[in-house]
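Report on the following structure.
The values are calculated or read from the model by the stated rules, or taken from the named source; none is laboratory data. What you are looking at is a predicted structure, and each value in this text was computed from that prediction instead of being measured. All Cβ positions, even for glycine, are placed from backbone atoms using ideal geometry, and neighbour counts span all protein chains on display.
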Amino acid sequence: MVLDLTAKKKATKTPAIAESSDLTRLKSELLKMAKDVKGHLGLFIKHVESGREIAVDADKTFPLASVFKLGVMVETFRQIEEGSISLEERIELEPRHYCIGEGVMQYLSPGLKPTVGDLLSLMIIATDNTASEMLWKRIGIQRVNMLMRELGLAKTSIYIPYRESFLMSMGYGPLKDRTIPEAARAWSGMSDVERMKTLNETERESAGLSIEDFRNRYASIYGVRAEKKFKTQRVYDEVFDNLSTPREIGIILEKILKNEVVSPQACQAMLKLLMRQKDPTSMSYLLSPDTPVALKSGWTAASLTNAGIIFISAKSHVILCTFFNKVEEGHFEKTLDVEARIARTVYDYFSRIRP
């Protein structure tokens, strides 16, 4: 099967189970932790087997950072399932694919031909931005958003590749003559068609840019280690990013866990990839190494997003999506610590609950 849309109806129409008094206490404890961060929290917790939930601004949209790669992964597996591409297909690394930021592929030579399977591993395990660019342009930029709508995720918008996002923040594309606030306002008022035209024009304008020039120009604006990024790019990161809600990302993860999207075989393959993510900004570092966690994390200048499935036991699973945005300067490490403490507290609570 390609998509289980009956599962979608169940997921979107089932009412949330009211919080019990002990869940209310847990929620209060988590909110107390979040006060250590000067930023805006979006939280969605669901114990899959019992249906018990905690939600804090779970239906508000947040920048996804690298969590958008979940959508690219699911659509890639969907196209593999329908036979449009295969895990063994090789995609040639071209100058138009290179992206700065996370990942090692930006340092490799053009002409390399990794497989689709290789790129999936790099994108999820090492959160490689160039790998996601290669996959996304192979499967079709708009196809991911179309899949999100088919799954009933009305607030999820995944259509901005990181390469083009970085380039627009550096002065490429039709918005280059505007100040950052002006460009952000213009982008916010665009239709989806207008945004795709803007992305396409940005890609065409930067077609001849080498990765060395890309990296050097970015460093000249934001610093070698992007140390100037917070003050100058925060507005961009809040607007020129893929967006979703903690609840809708939680729905994607639950569908993967329950084998309800693409196929059971694809869901198991996706879970294995998510369990191997290696990212120091992930929420799992206070959990025991023996605790399986399938997760995707990401960060921008003013946000830290973590979305995962904590395997309490073989019969007990918790979806945890902890999103912070509008984080004030100097609070990134504190935000990471709070997200990890939330994950540990949630694990400890549900490990005492019989499935």
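Tell me, which residue of the range 234-249 that is among the hydrophobic types (A, V, I, L, M, F, W, C) and either in a helix (DSSP H, G or I) or at pLDDT below 75 (or both) is nearest to the chain's Cα centre (by Cα)? Lay out the reasoning, then the answer.
Quick first cut of the range 234-249, residues among the hydrophobic types (A, V, I, L, M, F, W, C) only: 235, 239-240, 243, 249.
Okay, now just the ones that are also either in a helix (DSSP H, G or I) or at pLDDT below 75 (or both), so 235, 239, 249.
Numbers: 235: 19, 239: 15, 249: 8 Å.
In this case the residue turns out to be 249.
Taking the stated definitions as given, is residue 43 among the aliphatic types (A, V, I, L, M), crowded, with 19+ Cβ neighbours inside 10 Å and in contact with a strand residue (DSSP E or B) (Cβ under 8 Å, 6 or more places away or on another chain)? Step through it out loud before you land on a result.
Working: among the aliphatic types (A, V, I, L, M): yes; crowded, with 19+ Cβ neighbours inside 10 Å: yes; in contact with a strand residue (DSSP E or B) (Cβ under 8 Å, 6 or more places away or on another chain): yes.
Here the answer is yes, as residue 43 does meet what is asked.
If the condition is being over 17 Å from residue 241 (Cα atoms), part of a strand (DSSP E or B) and out of contact with any helix residue (DSSP H, G or I) (no Cβ under 6 Å at 6 or more places or on another chain), then the range 296-316 contributes 308, 311, 313, 316. Considering the range 273-292 alone, what residues qualify as being closer than 22 Å to residue 351 by Cα and either within 16 Å of the chain's Cα centre (by Cα) or in a helix (DSSP H, G or I) (or both)? Listed by number, the residues that qualify are 274, 275, 282, 283, 284, 285, 286. If you go through the range 78-93 and pick out every residue that is part of a loop (DSSP other than H, G, I, E, B) and either among the polar types (S, T, N, Q) or in contact with a helix residue (DSSP H, G or I) (Cβ under 6 Å, 6 or more places away or on another chain) (or both), you end up with 6.
For residue 108, the criteria (1) crowded, with 16+ Cβ neighbours inside 10 Å; (2) modelled with pLDDT of 95 or more hold in every case but one, which is (1). Listed conditions (1) in contact with an Asp or Glu (Cβ under 8 Å, 6 or more places away or on another chain); (2) closer than 27 Å to residue 253 by Cα are all met by residue 142, apart from (1). Of everything listed in (1) charged (D, E, K, R); (2) closer than 17 Å to residue 37 by Cβ; (3) crowded, with 17+ Cβ neighbours inside 10 Å, the single unmet condition for residue 296 is (2). Among residues of the range 273-298 that are within 16 Å of residue 69 (Cβ to Cβ), those with a Cβ under 6 angstrom from a residue that is of a type in the set (Ser, Thr, Tyr) and part of a loop (DSSP other than H, G, I, E, B), sequence gap 6+ or separate chain, pair up as 279/127; 295/282; 297/281; 297/282.
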